[in-house]
Amino acid sequence: MSEIESPQAVEEIASPLAAPGRTLGRDPFDDLADPDPFEERLDQLEARRADSPIVQHRARKVTAEPSLATKSTIRRAAAHREDDLPSRDNLTRLFGRRWSTTPPLAEIELPPAKGLIDRLLNTDERRVLTALAHLVEGDAPYDRFGYSPEAMKAAFPFFHALYRLYFRVRSEGHKRIPGEGPVVLAGNHGGLLPFDAAMAIIDVALNTDPPRLVRAVVDRWAGSLPWINIFYARVGQVVGTRENFAKLLDDGQLLLVFPEGVEGIRKTIAHRYRLQKFRVGFIEHALRARAPIVPVAFIGSDDQSPILFDIKPLARRLGVPVVPITPTFPWFGPLGLLPYPVSYRIVYGEPLRYHERFGPEAANDSRLVRYLANQVRRSVQLLIDRHHQ
Amino acid sequence: MTRILVTHADEPIGRRVVKNLYHDPGVEVIYALGSGPPPRKFDAYLAGSNPRVTYTRLDLAKHRPIHDLFHSAPFRAAEIDTVVYVPRHGAGASVAAPLLGGLSERTAESRLLLQNCLETRTIRNLVAIGSAFVYRLPPGNANHLSEDSELNLDPDVMPEIRAWIDCDMIFHSEVHNDRLRVVLLRVPTVVAAGGYVYLHPSLAGRPGSRVRALGFDPICALVSDKDVARAVRAATKTPVSGIFNIAGSEAVPLSMLARWTGHTSIPLPGPLLSMVDATERALGIESRLGAGGGAHLRYGFTLDTERAAAELGFRSQYRIGLARAGDGALRLETASI
């Protein structure tokens, strides 16, 4: 089903800047091909950060200060003694960061199988789904983002069948995904329908222990589609707003982002596997939440529905991201949008731990954030180039 | 010792707030205002020769009665230092926003109350309950919103929510006042035991049929009425001002909430919702949908309550769910965690 790449190969992929020659092959977005002058500035930033009271103060301010509009003011009330009041330090300790985690598979005690869905799943899959149900607090049917373990269980057999039989997914590098805490998976996006995200969800759930739920960040447009919005939410996906992103990382969850955005699915066949410009929001949030970024390459997604032409004026008029002409769409109607049975390959790269080099205040440096986004983009492009051949 | 005035104390959340404050030894006097007769539950509070609770009938939306109250000798003698604004939400929710001189009742109430609080020197604290439906809802079944999230200033928003936004902005404007400490608590749908639901734009009021958008089932953040009372009490005690989200740990889809609270939710396609809205407006009926059916029928939200936890020391202590009552029927209940 999946194979783990050797550690030696991992190192080669992991450091694109350290690789000899640093050639990016067919990289179309190479505006920062020679980052040396910037590296110096990064080193200065890093040096300044260490033990600098000003920077530490700024970091506290950046992470803690609310906007002027809703800033709350602490004042001393004459009517109350100070020791009657809750101490902010105690509260922080009491209500401090607590990550949502799942138990290891060995600790899962399975209830007897009942119902059709249980019979469609084998024991390991049932263990995985039972573990993922622990992400919902208590016995509530839904979590704060609408994730429902029951809905996930109902959808799992279908997508697992796609994973095994239709897309025949091979994957490698799961061990590079941190076992707990906030993580951002950043990958290339392709295909008209987001089966790349669906395959990543199944792949990560089945190949990590304790199992992790991939929460793919979807476009706002998808959140406004009837029924689709409900389905996405019930299987753990979230709309990519700033607050959602920050909250999920604060909860220690595993996010999957496609920083190309809708430009990724608009790519025509001539541009397949050539990454478009990356957005930068995920870098800012990863720096603030101290989360590593794992580059992911999806090989096969760009072949599942090759776009010959994109009728952009019509797309704008209809308010949809893309109106494609493919070998099967619109000739076969909506059925023409279904993906071809291509073989998928998912490769996870070495985590990029920018948060260990830069503090949260670096998220406010737009040039740095853009630079780091380009670095992530290079890493994903290198993974694609290496494994697509 | 604190001396507190509570508005709309005859309505369910107001009663709960008065009860919670009554059992607080730090509260010396409770001056309860309501538009109806005193609730029967207040009999115990009002009994005796020198009760801690005083109940007064008053129309808060009118200038003269509220002005007379704040300048009356008994009120001055009571030396009220804290005002808790509980908005109208009870049986009158179906007529929540009649216009008074161009303003909705809720807006008029909040404006007059704030004005009188600013003019009365003894009043140092104002705690107001607002609605979390004031936020602009981004597309999606559930979105996390913090106090810094954008407000919905769309001119086509339904009148009920517009009244909440006006009310919110009135209190918001005095958050940085040096003399009067203003705390605004934004609460989502408030649920009380027995299947009652308050402050939800489309579910509030008596059980009955409600429409919702076909293909959408937004997640609704919930909070127990007991938690709201606890949050008010925490806000009266803690020397902070600002805006705080208050919510419980539960969040359920709209269809489930409607079922739990005895409503029948009828899913309608978007164009039909717009037609229902337009018909209601043409007939002069107060619309519960807003132009295009209302974003709250499509997009859900949950609230970030970390600021309330850190600064007010508030964490929800009540869970909300279905429980089997003594007669065997399933009823919505709130239970202490």
query = Could we say that A:Val369 is in a loop (DSSP other than H, G, I, E, B), aliphatic (A, V, I, L, M) and either assigned by TED's automatic domain parsing to the domain that holds A:Gly173 or under 22 Å from A:Leu225 (Cα atoms) (or both) here?
reply = no
ask   = Considering only helices (runs of 4 or more DSSP H) fully contained in the range A:95-184, which possess at least 2 residues that are farther than 29 Å from B:Pro253 by Cα?
value = A:123-132
inquiry  = I need a count of the residues in the range B:121-130 that are touching a residue at least 12 places away in the same chain (Cβ under 8 Å) and surrounded by fewer than 18 Cβ atoms within 10 Å (Cβ to Cβ).
reply    = 1
inquiry  = For a quick check of your reading: which helices (runs of 4 or more DSSP H) sit entirely within the range B:1-95 and have at least 1 residues that are touching a Pro at 6+ places or on another chain (Cβ under 9 Å) and either within 14 Å of chain A (Cβ to nearest Cβ) or open to solvent by 70 Å² or more (accessible area, probe 1.4 Å) (or both)?
reply    = B:12-22
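For (1) under 17 Å from the mean Cα position of the chain (by Cα); (2) assigned to a loop (DSSP other than H, G, I, E, B); (3) within 12 Å of chain A (Cβ to nearest Cβ); (4) touching a residue at least 60 places away in the same chain (Cβ under 8 Å), each residue gets a yes or a no:
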| position | (1), (2), (3), (4) |
| --- | --- |
| B:Leu114 | yes, no, no, yes |
| B:Asp156 | no, yes, no, yes |
| B:Ala163 | yes, no, no, yes |
| B:Arg186 | yes, no, yes, yes |
query = Filtering the range A:139-167 down to residues that are within 14 Å of chain B (Cβ to nearest Cβ) and in contact with an Asp or Glu (Cβ under 9 Å, 6 or more places away or on another chain), which residue is least open to solvent (accessible area, probe 1.4 Å)?
reply = A:Gly146
key: Cβ-Cβ under 7 Å pairs, at least 6 apart or on other chains, the range B:233-259 side within 7 Å of chain A (Cβ to nearest Cβ), far side of a type outside the set (A, V, I, L, M) and in a helix (DSSP H, G or I)   = B:Thr238/B:Glu311; B:Val240/B:Glu311; B:Gly242/A:Thr70; B:Ile243/A:Thr70; B:Ile243/B:His172
query = Of the residues that sit in the range A:238-247 and are touching a Leu at 6+ places or on another chain (Cβ under 8 Å) and over 14 Å from A:Leu287 (Cα atoms), which one is surrounded by the most Cβ atoms within 10 Å (Cβ to Cβ)?
reply = A:Val238
message = Looking at A:Leu338 and the list (1) modelled with pLDDT under 95; (2) open to solvent by less than 10 Å² (accessible area, probe 1.4 Å), which single condition is not satisfied?
response = (2)
query = Mind checking which residues of the range B:280-326 are away from chain A (no Cβ under 14 Å) and modelled with pLDDT under 80?
reply = B:Glu280, B:Arg281, B:Gly284, B:Ile285, B:Glu286, B:Ser287, B:Arg288, B:Leu289, B:Gly290, B:Ala291, B:Ala325, B:Gly326
task = Could you tell me whether A:Arg170 is basic (Lys, Arg), open to solvent by less than 30 Å² (accessible area, probe 1.4 Å) and closer than 26 Å to A:Gln375 by Cα?
result = no
ask   = Here are some residues: B:Ala231, B:Ala204. Which one is under 21 Å from B:His8 (Cβ atoms) and either surrounded by fewer than 24 Cβ atoms within 10 Å (Cβ to Cβ) or modelled with pLDDT under 90 (or both)?
value = B:Ala204
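For A:Gly261, state whether it is more than 19 Å from B:Asn245 (Cβ to Cβ) and either more than 11 Å from chain B (Cβ to nearest Cβ) or open to solvent by less than 10 Å² (accessible area, probe 1.4 Å) (or both).
Against the criterion (more than 19 Å from B:Asn245 (Cβ to Cβ) and either more than 11 Å from chain B (Cβ to nearest Cβ) or open to solvent by less than 10 Å² (accessible area, probe 1.4 Å) (or both)), A:Gly261 qualifies.
The values are calculated or read from the model by the stated rules, or taken from the named source; none is laboratory data. Small disclaimer: the values here were computed from a predicted structure and weren't measured. As a convention, Cβ positions derive from the backbone with ideal geometry for all residues, glycine included, and neighbour counts pool all protein chains shown. When the accessible area is computed, the model is the full protein with side chains, heavy atoms only, and any ligands, DNA or RNA have been set aside. Shrake-Rupley method; radii C 1.70, N 1.55, O 1.52, S 1.80 Å.
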